[in-house]
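The structure appears right after this line, and notes come after that.
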Amino acid sequence: MLRSYARTKLYNVLFTLALRRKVDLDVRFHAVHPGLVRTEIGTKDTSRFHAWLWRLFTSRGIGPEDAVHSFSKLVYDASLDAPYVYRGLPHEPSKVALSIENQDILYQKTISDLGSLIES
């Protein structure tokens, strides 16, 4: 459960970094991690034990309404152009995320999986 959550965050950063390199539009791309947030996402379609573990893990987190600040900062502060923002501040992505090879692999896989939906 937590491994899947962490992997999803990594994929988000990898894809964002790939977009920033490959897409030439007047659009800013950011991967945002607001920090640990108290949500029920980790309790869906899982065992009672994993749901309990998720609630315990996230009980120290911020409320969803507080997580919005990480996103609104990007909307209203154009000078904040970091590819990865953690808790509202620029954050250095991991070495795995900074690997151009890893970025390209995920990007190509995503484009392939989306197929003609992206190309149209």
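The values are calculated or read from the model by the stated rules, or taken from the named source; none is laboratory data. For clarity, every value in this text was computed on a predicted model and none was experimentally measured. Because the Cβ atoms are built from the backbone with ideal geometry, glycine has one as well, and the counts that use them run over all protein chains shown.
A few remarks follow.
- Positions within segment 35-54 being assigned to a loop (DSSP other than H, G, I, E, B), at negative phi, modelled with pLDDT under 90 and not β-branched (Val, Ile, Thr), in sequence order: 36, 40, 44
- Candidate set: segment 55-69, residues that are farther than 14 Å from residue 42 by Cβ and at pLDDT below 90; chosen: the one surrounded by the fewest Cβ atoms within 10 Å (Cβ to Cβ): 65
- Filter result for the condition that a residue is in a helix (DSSP H, G or I) and farther than 22 Å from residue 109 by Cβ, over 85, 96, 75, 13: 75
- Within segment 50-62, residues that are within 20 Å of residue 34 (Cα to Cα) reach partners that are among the small types (Gly, Ala, Ser) and modelled with pLDDT under 90 with beta carbons closer than 9 Å, at six or more positions or on different chains, in the pairs 54/42; 55/42; 57/42; 58/42; 61/35; 61/67; 62/35.
- Note on segment 1-40: residues that are loosely packed, with under 13 Cβ neighbours inside 10 Å and among the β-branched types (Val, Ile, Thr) amount to 3.
- Counting only residues that are surrounded by 13 or more Cβ atoms within 10 Å (Cβ to Cβ) and either aliphatic (A, V, I, L, M) or closer than 22 Å to residue 101 by Cα (or both), segment 41-53 holds 2 of them.
- Residue check, residue 101 closer than 18 Å to residue 13 by Cα, free of Cβ contacts under 8 Å to residues at least 40 places away in the same chain and not in a helix (DSSP H, G or I): no
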